[in-house]
Amino acid sequence: MTSPYFADEALFSAAVVTLYLCFPLTYLSLILTPAPYGKHSRSGWGPSIQPPVAWFLMESPTLWLSLLLFPAGRHRSSPIALFILSLFFLHYINRTLIYPLRLRRLHISTGGGGGVPFSVLAMGFFFNLLNAYIQIRSATHYTDYDSHPWIFGISMASRVTIGLGIFFWGMSVNIRSDMALVRLKAQGGGGYKIPRGGWFEQVSCPNYMGEIAEWLGWAVITWSPVAFGFVMFTAANLVPRARSHHSWYLEKFGEDYPRSRKAVVPYIL
Ligand code: NDP
């Protein structure tokens, strides 16, 4: 009979392979068809649900599954695993609880608007289920924290410090840009305007730039293949969407839209 340990190892390996398959497929499909919510909402994607509820449901596995899996890990008492887990939670408490509450206030003040199709919600939910399982099992069970204390001549302490700097810089850009956009939408009575100020002067989507930086910082801190898989997936998801947003802004606002702005990486992309 297969022991539960080997069954979990096989499941973990299959999940990691799925994550690595997901990012090229996601990139290619989003280059061809922007995800149909927000600026790119269109008919033909079936019934939809209000964004605050959609975000809450879609992102929720990152909290409840993580809490369920954490006590089963062999590193459950390790301060390093707890520290890594707390960064993951910090991001997802904002995304699952605080961000939907902001959207709910926006929808009350503007009288609602377009919804998120169930199909998009379902894809987001299953990705978060997969990714939370992989990231949490890796951090709390499979990672060997005693190996590789030095990488490319950089000590673990320096690497964690650099990673933390990138992570918190990304988080602050992501949250501040999301808040600025939600405020802008409330001021416009639910319509779209040209965002101005801060990182918006450099790129059309600083919220996506911040999110990619956050998970890059997390990957530098954890130095695990699964965390690098996650940052690659995040870029594969958000770079095509940022380019679609950028083209949408140029088309909608024409000459009024600042020409020097890039989509998501200042001066480059
Ligand atoms: P968007 O930038 O498309 O929208 C954010 C909010 O701002 C929405 O309420 C949107 O309204 C509103 N908004 C956007 N642009 C304008 C504007 N010019 N004028 C007025 N209001 C505007 O972000 P997403 O909804 O795609 O993503 C939200 C967050 O989730 C981001 O922080 C992103 O990084 C994160 N995310 C992470 C992913 C990952 O793979 N890790 C995947 C997807 C998102 P409306 O919705 O009506 O357009």
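The values are calculated or read from the model by the stated rules, or taken from the named source; none is laboratory data. These numbers come from a predicted model, not from an experiment. Neighbour counts run over all protein chains shown; Cβ positions are idealised from the backbone, glycine included. Calculation scope for accessible area: heavy atoms of the full protein, side chains included, ligands and nucleic acids excluded. Shrake-Rupley method; radii C 1.70, N 1.55, O 1.52, S 1.80 Å.
Below are the figures for this structure:
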{"read-out": "Per residue value of the accessible surface for the chain (all protein chains in place, 1.4 Å probe), Å²", "value": "50 Å²"}
{"read-out": "Per-bin percent of Cα-Cα distances, the chain [5 Å]", "value": "1, 6, 11, 16, 19, 17, 13, 8, 5, 3, 1, 0, 0, 0"}
{"read-out": "Relative contact order computed over the chain (Cα-Cα under 8 Å; 6+ residues apart), in percent", "value": "25 percent"}
{"read-out": "Phi-based couplings in Hz for region 84-90 (Karplus 6.51, -1.76, 1.60; Gly and Pro marked x)", "value": "5, 4, 5, 5, 4, 5, 4"}
{"read-out": "Dipole magnitude of the chain about its Cα centre (Cβ charges: Lys, Arg +1; Asp, Glu -1), debye to nearest 20", "value": "860 debye"}
{"read-out": "Positive-end residue, region 4-256 charge dipole about Cα centroid, Cβ charges, pick of Met171, Tyr249, Val160", "value": "Tyr249"}
{"read-out": "CD proxy at 222 nm, helix term only [per DSSP H run n ≥ 4: -39500 (n - 2.57); per residue of the chain; nearest 500]", "value": "-22000 deg cm²/dmol"}
{"read-out": "Of all accessible heavy-atom area on the chain, the percent that carbon and sulfur account for (1.4 Å)", "value": "68 percent"}
{"read-out": "For region 131-143, 3J(HN,Hα) per residue [Karplus equation, 6.51 cos²θ - 1.76 cosθ + 1.60, θ = phi - 60°, Hz, x = Gly/Pro]", "value": "5, 5, 4, 5, 5, 6, 5, 5, 5, 9, 9, 8, 5"}
{"read-out": "Unit charges at the beta carbon, dipole of region 4-256: most positive-side option, Trp218, Leu90, Ala7", "value": "Leu90"}
{"read-out": "Using alpha-carbon coordinates, inclination of helix 4-32 to the longest axis of the chain, degrees", "value": "20 degrees"}
{"read-out": "Within region 19-98, trypsin sites (Lys or Arg not before Pro) in DSSP loop having at most 13 other beta-carbon neighbours inside 10 Å", "value": "Arg42, Arg74"}
{"read-out": "Chymotrypsin sites (Phe, Trp or Tyr not before Pro) within region 215-269: DSSP coil, no more than 10 neighbouring Cβ in 10 Å", "value": "Tyr267"}
{"read-out": "Span from the region 160-232 Cα centroid across to the region 32-96 one, whole angstrom", "value": "16 Å"}
{"read-out": "Residue order for Ile175, Ile162 - accessible surface, 1.4 angstrom probe, largest first", "value": "Ile162, Ile175"}
{"read-out": "³J(HN,Hα) computed for each position of region 202-210 - Karplus, 6.51 cos²θ - 1.76 cosθ + 1.60, integer Hz, glycine/proline x", "value": "9, 9, 6, 10, x, 5, 6, 4, x"}
{"read-out": "Sequence-distant residues sharing a close amide H with Lys262 (under 5 Å, placed H)", "value": "Val203, Ser204, Tyr267"}
{"read-out": "Sequence of Phe127, Phe118 when ordered by accessible area, the most exposed leading, probe 1.4 angstrom", "value": "Phe118, Phe127"}
{"read-out": "Long-range amide H partners of Ile49 with built H, under 5 Å", "value": "Val116, Phe118"}
